[in-house]
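Each reported figure results from applying straightforward, stated rules to the coordinates on display, with no laboratory input. Predicted model, so just to flag it, every value in this text is computed and none were measured. Heads up, the Cβs are rebuilt from the backbone with ideal geometry, glycines too, and the neighbour counts pull from every protein chain shown.
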């Protein structure tokens, strides 16, 4: 029969069958398939290499008879020319699926921005790192690369990273080197997990070399520091004092918990997850350190009635923070003392007070100062290293493998001697070394 609209409208599936095929007698292979449910679909049937094949043209109603016949004529011509419409359609479908898969893969890759990657690196690779590293590395990356955080991580180029690090290095070369090191470690981790291809941080450079600080506070500066800290209120007054007396890292002192203090207040046990090297550390508390702790009133949450776990906290819920501003206030207090002393000295000499230099040390210099003074006081370097939790200091190599003695007794004595020195220079702002000569080293 020649397929027409009126004829197709009358077609039904014969009883006992699921479907039936009604072919057009005008275009060979053109047919309509009628199912028992009443659906009617135009198809094109043909043979290729002795195999029967079929291409679905579309549903009756979506296609008119005339448009369906025209499609069948076109496909018939392709078969006559040696083509295979069914295979072509399958190839087109596979190509479309490949395009959709590629688009989905690209969307997933683009969703992994630099900011998201930093978070995943922190939660996975750094979960066993020390608290200080786990906090500092992501924070430094987010701050240093703030303008790139929304960029897809895979799209970050060497040129972009280099340009950004060059800008950071203009004012803060050390910070640029840290960002490079953290970024290289993060992308190395991401490469191994097939999250990105290539490591843009592996090929960038930061001009210059790392210069180790060798700043050591003079006795006069140390005395100024202690007196200024003693005048500051909680939490930063006790914080600066404990920082000097224990010689531990800033974040470790700031995060001190009451539960870490021994019942008799003789020791402070820093758990491994809070130390930079990931190793638990015991710190002897000198008599002066215990006095500072005794002067701290434990904070109680007014709503819950619970005592804060932190020794030093501005909120009772988190460790003390805001070190930069607090250090500025500390140094301002020192400058006030210097100005008053200078004015008095010049007044007695009949001269006008002159401008004074600001303190040029950083908080981390206290640790180097402590070790330097301990050497002057004949305390062994292996003991000083253990005080600072430098387990790979003067004892290294094969000796370090077998040397497991912690020198706890010697460390306690060292910190007692150090505390006595701090108090002694605070009482006499002019002493230098163990002698009596007055040397104004901030001149």
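Brief remarks follow.
- Relative counts (whole %) of C-alpha pair distances in region 229-325, using bins that are 10 Å wide: 16, 51, 30, 3
- Footprinting exposure proxy for 409, 251 (fewest neighbouring C-beta atoms within 10 Å first): 409, 251
- Residues residue 91 and residue 301, FRET efficiency given R0 of 41 Å [Cβ-Cβ distance, rounded to 0.05]: 0.05
- Approximating the spin labels as points 7 Å out from Cα along Cα→Cβ, the residue 266-to-residue 128 distance works out to 3.5 nm.
- All-pairs Cα distance distribution in region 162-257, expressed in whole percent, bin size 10 Å: 13, 26, 22, 24, 12, 2
- Set against the 2.2 N^0.38 Å expectation for a compact globular protein, region 5-106 has a Cα radius of gyration ratio of 1.25.
- Between the alpha-carbon centres of region 282-296 and region 83-107 there is a gap of 72 Å.
- Look at the alpha carbon pairs under 8 Å that are at least 6 residues apart: their mean separation over the length of region 5-106 gives a relative contact order of 17 percent.
- Relative contact order of the chain, pairs being alpha-carbon contacts under 8 Å that are 6 or more residues apart, as %: 12 percent
- In the chain, the longest principal axis of the Cα atoms and the axis of helix 131-144 are about 70 degrees apart.
- With N counted as the residues of region 114-202, its alpha-carbon radius of gyration over 2.2 N^0.38 Å works out to 1.00.
- Tail beyond 22 Å, pair distance distribution of region 219-427 (Cα, percent): 54 percent
- Relative contact order (%) - region 114-202, alpha-carbon pairs under 8 angstrom, separation at least six: 32 percent
- Each of 97, 136 was scored by other Cβ atoms within 10 Å of its Cβ. Listed from fewest to most, they are 97, 136.
- Listed by Cβ neighbour count within 10 Å, with the fewest neighbours leading, 113, 4 appear as 4, 113.
- To the nearest ten degrees, helix 114-123 and the longest principal axis of the Cα atoms of the chain are 70 degrees apart.
- Each peptide in 64-70, 365-371 gets a packing score, the mean of other Cβ atoms within 10 Å over its residues, and the list from highest to lowest is 365-371, 64-70.
- With the highest mean first, a sort of the peptides 139-150, 236-247, 219-230 on other beta-carbon atoms found within 10 angstrom per residue produces 236-247, 219-230, 139-150.
- Rg/Rg_ref, the chain, where Rg_ref = 2.2 N^0.38 Å and atoms are Cα: 1.75
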